[in-house]
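Asks: Quick one: structure below, then a few questions.
The values are calculated or read from the model by the stated rules, or taken from the named source; none is laboratory data. What you are looking at is a predicted structure, and each value in this text was computed from that prediction instead of being measured. Quick reminder, even Gly has a Cβ in these numbers, built from the backbone with ideal geometry, and neighbours come from all protein chains shown. SASA here: full protein model, heavy atoms, side chains in, ligands and nucleic acids out. Shrake-Rupley method; radii C 1.70, N 1.55, O 1.52, S 1.80 Å.
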Amino acid sequence: RYEPTWDSLDARPLPAWFDEAKFGVFIHWGVFSVPSFGSEWFWWYWQKEKREPYVKFMEANYPPGFSYENFGSLFTAEFFDPDQWADILKASGAKYVVLTSKHHEGFTLWGSKYSWNWNAVDVGPKRDLVAGLAMSVRNRTDLRFGLYHSLFEWFNPLFLEDATNVFKTRKFPTSKSLPELYEIVMKYQPEIIWSDGNGNAPDTYWNSTGFLAWLYNDSPVRDTVVTNDRWGVGSICTHGGFYTCSDRYNPGHLLPHKWENCMTVDRGSWGYRRDAQLDDYLTIEDLVKQLVETVSCGGNLLMNIGPTHDGRIAVIFEERLRQMGAWLKVNGEAIYGTKPWRAQNDTVTAEVWYTFSPKEGKVNAIFLNWPVSGTLELGEPQTKLGETQVKLVGYKELLKWVALGEKGIAIALPQLTPKQLPCQWGWTLQLTDIN
């Protein structure tokens, strides 16, 4: 059994499925999807920081005295079709999904008994959005279902009172935050708890270790659940399950501890933005590159989309997800279930990243630029004459190669028209019998 101490909790082995999964989809959805302007931090930027674009936006579009709470009834979700969402998620090639059950605004996407009149069952959609998606994902896909949950809430009076008392009192976690966490675990049995938002309070204020000890020892998901590292000041990148370290974290080198790169297709926001321009969205080339770099360095990629207030996944997000799935359909064996190789990227040719498939004993070299010369030079592999074989994934015949001294290989790529290429945006060479 795990003790409610970091020493004990950090010793828990991470369930193997998480490292094998490699790719998940993050969904930021909430009342902030109604103004859908600027950022999911709309309430804070408008009311607390009084940033000019937000203040002007409200003055121009809403009557005087309009409060953020008034957006709640406009969060309608009338087009939310969880089966359709599940089908898009399945088509993306992702192995898990993480939904914001509650962001820093405090609005819960389920009918929480600890969030009176500020939840999706009492206000707005008048339905349990978490249950809807959980059911569809479990019925229609093999994705693992996870939930994001913000520890703190910007404007909750109980939290503000505790903060004024320098967190010597604990009214907010005991009456709101912790009961909600237990509630979502018992009700939806998520296999990922993605915690966020420490509110500048230590983990002792949140009783994070007490909750995690229960989660790992006695909860219905104790054997499969994974958690992140955002459990109070000082825990990020140090304690918990996998490390997130910061948003859009991509160190570019191998880390000793399992980590996740959570990033978003819209560079400017995690929630949906009506004011986003085409240039604000990452291209599929950008996303494939992020995935390959992240996985070669031992991480998982958690790629975020923001649905609209009426429950649609905007077509640009759907397109990116389906493109990822198309790429993974061809190259998935170089991603799923792989381990980092002794080299993460190539020393001779840029934009070549390596993974290792332990079951088959294959080294995968994923290259993002097709060389004009038709020859790809790799500095890292050490070949064995007469034994090493090179295959382009999605192409039938073996490729010809020559060794470049002790270390290194030059590979003749097949001459293919764009239509004959196995895929776009990046290609995988499988090397067998490599030293």
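Asks: If you take the charge dipole of the range 339-432 about its Cα centre, with +1 on Lys and Arg Cβ and -1 on Asp and Glu Cβ, which of Leu404, Gln344, Cys423 is farthest toward its positive end?
Replies: Farthest towards the positive pole: Cys423.
Asks: Turning to a different aspect of this structure: Which whole-angstrom value gives the distance between the alpha carbon centres of the range 170-237 and the range 89-134?
Replies: 17 Å
Asks: Also, quick follow-up: For the pair Asp279 and Glu161, what calculated FRET efficiency results from E = 1/(1 + (r/R0)^6), where r is the Cβ-Cβ distance and R0 = 45 Å, to the nearest 0.05?
Replies: Working: r = 44 Å, r/R0 = 0.97.
With R0 = 45 Å, the Cβ-Cβ based efficiency is 0.55.
Asks: So, one more: Grab the beta carbon distance between Asn200 and Lys329, set R0 = 41 Å, and tell me the FRET efficiency rounded to 0.05.
Replies: Details: r = 44 Å, r/R0 = 1.08.
For Asn200 and Lys329, the calculated efficiency is 0.40.
Asks: Oh, and also: For Cys237 and Thr347, calculate 0.36 nm times their separation in residues minus their Cα-Cα distance, and state this gained length in nm to one decimal.
Replies: Numbers: separation 110, 0.36 × 110 = 39.60 nm, distance 2.87 nm.
Taking Cys237 through Thr347 to full extension adds about 36.7 nm, to one decimal.
Asks: Using the heavy atoms of the protein chains and a 1.4 angstrom probe, tell me the accessible area per residue for the range 71-225 in square angstrom. Before the final figure, lay out each step's value.
Replies: Values: 5660 Å² over 155 residues.
So the range 71-225 comes to 37 Å² accessible per residue, rounded to a whole number.
Asks: Let me ask something else about it. Run the numbers for Arg322 and Arg1: contour at 0.36 nm per residue of separation, minus the present Cα-Cα distance, in nm. Each step should come with its number before you reach the end.
Replies: Working: separation 321, 0.36 × 321 = 115.56 nm, distance 4.20 nm.
Length gained, Arg322 through Arg1: 111.4 nm.
Asks: Here is a further query. When the dipole is taken about the Cα centre of the chain, and only Lys, Arg (+1) and Asp, Glu (-1) are charged at their Cβ, what size is it in debye, to the nearest 20?
Replies: Values: 43 positive and 51 negative charges, 100 e Å.
My answer is approximately 480 debye.
Asks: Determine the shape class of the range 339-432: with a ≥ b ≥ c the square roots of the Cα gyration tensor eigenvalues, call it rounded for a/c under 1.5, and otherwise prolate if a/b is greater than b/c, oblate otherwise. Working shown, then result.
Replies: Numbers: a/c = 1.37, a/b = 1.29, b/c = 1.06.
Cα axes put the range 339-432 in the rounded bin.
Asks: Aspartates and glutamates near Lys400 by alpha-carbon distance under 13 Å, same-chain residues fewer than 8 away left out - which ones?
Replies: Leaving aside aspartates and glutamates fewer than 8 places away in the same chain, those within reach of Lys400 are Glu377, Glu387.
Asks: Moving on. Determine the alpha carbon to alpha carbon distance for each of Lys22/Lys359; Lys113/Lys187; Lys102/Lys258; Lys22/Lys384 and list only those over 22 Å.
Replies: On the way: Lys22/Lys359 17 Å; Lys113/Lys187 12 Å; Lys102/Lys258 25 Å; Lys22/Lys384 31 Å.
Lys102/Lys258; Lys22/Lys384, as the Cα separations exceed 22 Å there.
Asks: Can you give the relative contact order of the chain as a percent, counting alpha carbon pairs under 8 Å and 6+ residues apart? Walk me through the numbers before you get to the answer.
Replies: Numbers: 883 pairs, mean separation 73.5, N = 435.
About 17 percent, as a whole number.
Asks: What whole-number distance in Å separates the alpha-carbon centres of the range 343-413 and the range 293-321?
Replies: Here the two parts' Cα centres lie 30 Å apart.
Asks: Now, a different point. Restricting to bridges with both residues inside the chain, how much of the DSSP beta-bridge set is antiparallel, in percent to the nearest 5?
Replies: Working: 28 of 59 bridges.
Here the antiparallel bridges make up roughly 45 percent for the chain.
Asks: Of the listed values (i) 153; (ii) 141; (iii) 197, identify the label whose number matches volume of the Cα convex hull per residue in Å³ calculated from this model.
Replies: (i)
Asks: Related question: If you count only protein heavy atoms with a 1.4 Å probe, what accessible area per residue comes out for the range 339-432, rounded to a whole Å²? Display every interim value, and only then the final one.
Replies: On the way: 5090 Å² over 94 residues.
Per residue, the range 339-432 has an accessible area of 54 Å².
Asks: Here's a follow-up. Express in nm, to one decimal, how much length is gained between Asn61 and Arg248 on full extension, taking 0.36 nm for each residue of separation and deducting their alpha carbon distance.
Replies: Working: separation 187, 0.36 × 187 = 67.32 nm, distance 3.24 nm.
Working it through step by step, the gained length comes to 64.1 nm.
Asks: Can you figure out the FRET efficiency of Lys113 with Glu78, using R₀ = 30 Å and their beta-carbon distance, to the nearest 0.05?
Replies: Numbers: r = 25 Å, r/R0 = 0.84.
With a Förster radius of 30 Å, E is 0.75.
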